Number of protein chains: 2
Amino acid sequence: MARAATTSDAFNAIAEPQRRDILALLRSGERPVTDLAQELGMSQPGASKHLRVLREVGLVRVRGAGKQRLYGLDARGLRPIHEWVGGFEQFWNESFDRLDTYVQDLKQTRQEE
Amino acid sequence: MARAATTSDAFNAIAEPQRRDILALLRSGERPVTDLAQELGMSQPGASKHLRVLREVGLVRVRGAGKQRLYGLDARGLRPIHEWVGGFEQFWNESFDRLDTYVQDLKQTRQEE
DNA sequence: TTGACGTATTCCGATATGGGCATACGATGG
DNA sequence: CCATCGTATGCCCATATCGGAATACGTCAA
């Protein structure tokens with residue numbers, strides 16, 4: 001098996017930097033593909049493909065506006081992610097303390113890699 | 001180019017469900033690989049590989065404890081993610097409203113796919 | 001209808017993935 | 001020093017990825 005299809009969930013969708021850029025851009029409003037592509041310095045087909053992924057996981061919506069298709073943000077799918085990550089909030093402070101223990105340990109453990 | 005190396009950043013690291021499970025488990029304290037593997041129903045080599053990725057992006061630390069190696073959480077790397085996603089917080093409420101507009105539009109736009 | 005524009009899809013290649021299996025490695029205890 | 005336990009690596013496979021180029025598609029205007 002390879003990695004789960006990127007199209008499978010929001011976690012995968014936002015793992016790709018360009019897709020994060022797209023989402024960020026869409027916060028300022030709907031946009032056609034060409035716009036996004038140009039603004040982000042990617043090819044039109046490239047942008048289209050990323051948007052397809054975002055559409056399939058529901059982070060983005062399309063709306064036909066005449067000859068154009070306007071892409072808009074649907075951030076609801078980000079909420080579960082925010083919550084999952086938030087479940088670690090208490091730990092990223094505590095981590096500093098643990099680090100001390102760890103560092104002391106290093107002195108005699110000699111970590112590889 | 002293929003997908004960016006999963007080992008490149010935390011976003012990629014947590015894109016894989018089993019790795020999320022590992023992180024979640026580690027909240028309750030340090031654990032040796034075998035423990036994790038068994039608890040999560042994966043092979044020892046499998047767990048080792050996932051832990052390697054998590055180590056490389058800094059979400060996990062190792063500490064040699066005699067014959068064993070104890071893996072521990074280092075959640076600091078999750079903070080940037082939390083913040084990035086948090087940047088969309090205002091939108092996942094607003095999204096409902098936008099959806100209305102969208103749905104009305106659908107009636108005459110006939111979206112494919 | 002035909003053309004033009006905006007966009008999606010297809011096909012390709014190079015690369016990376018995750019899982020299974022066998023095995024190499026490292027540290028400890030005898 | 002050697003056997004053993006806990007763990008990491010290497011190798012192989014099937015599959016998925018992203019990017020580029022060419023092209024098919026859909027909608028509108030003349």
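The values are calculated or read from the model by the stated rules, or taken from the named source; none is laboratory data. Nothing here was measured: the structure is a model prediction, and the numbers come from that model. Note: ideal-geometry Cβ built from the backbone for every residue, glycine included; neighbour counts use all protein chains shown.
Computed quantities for the displayed model
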read-out: Conditions (1) modelled with pLDDT of 95 or more; (2) closer than 29 Å to B:Pro17 by Cα; number of the one not met by A:Gly41; value: (2)
read-out: Conditions (1) within 11 Å of DNA strand D (Cβ to nearest atom); (2) touching a residue at least 24 places away in the same chain (Cβ under 8 Å); number of the one not met by A:Ser48; value: (2)
read-out: Conditions (1) outside any strand (DSSP E or B); (2) more than 17 Å from the chain's Cα centre (by Cα); (3) crowded, with 16+ Cβ neighbours inside 10 Å; (4) modelled with pLDDT of 95 or more; number of the one not met by B:Asp105; value: (4)
read-out: Any chance B:Gln18 is in contact with a helix residue (DSSP H, G or I) (Cβ under 8 Å, 6 or more places away or on another chain) and either away from DNA strand D (no atom under 12 Å from the Cβ) or without any contact (Cβ under 8 Å) to a residue 24 or more places away in the chain (or both); value: yes
read-out: Search result, residues across the stretch B:53-69 that are surrounded by fewer than 18 Cβ atoms within 10 Å (Cβ to Cβ) and touching a residue at least 40 places away in the same chain (Cβ under 8 Å); value: B:Glu56, B:Gly58
read-out: Lone unmet requirement of (1) of a type in the set (D, E, K, R); (2) at pLDDT 95 or above; (3) part of a loop (DSSP other than H, G, I, E, B) for B:Arg52; value: (3)
read-out: Number of positions in the stretch B:65-99 that are part of a helix (DSSP H, G or I) and either modelled with pLDDT under 50 or touching a strand residue (DSSP E or B) at 6+ places or on another chain (Cβ under 7 Å) (or both); value: 2
read-out: Filtered residue count, the stretch B:12-49, keeping only those that are within 12 Å of DNA strand C (Cβ to nearest atom) and either of a type in the set (Phe, Trp, Tyr) or assigned to a loop (DSSP other than H, G, I, E, B) (or both); value: 6
read-out: Residue within the stretch A:34-42 that is surrounded by 13 or more Cβ atoms within 10 Å (Cβ to Cβ), within 13 Å of another protein chain (Cβ to nearest Cβ), touching a helix residue (DSSP H, G or I) at 6+ places or on another chain (Cβ under 7 Å) and more than 19 Å from B:Phe88 (Cα to Cα) present; value: yes
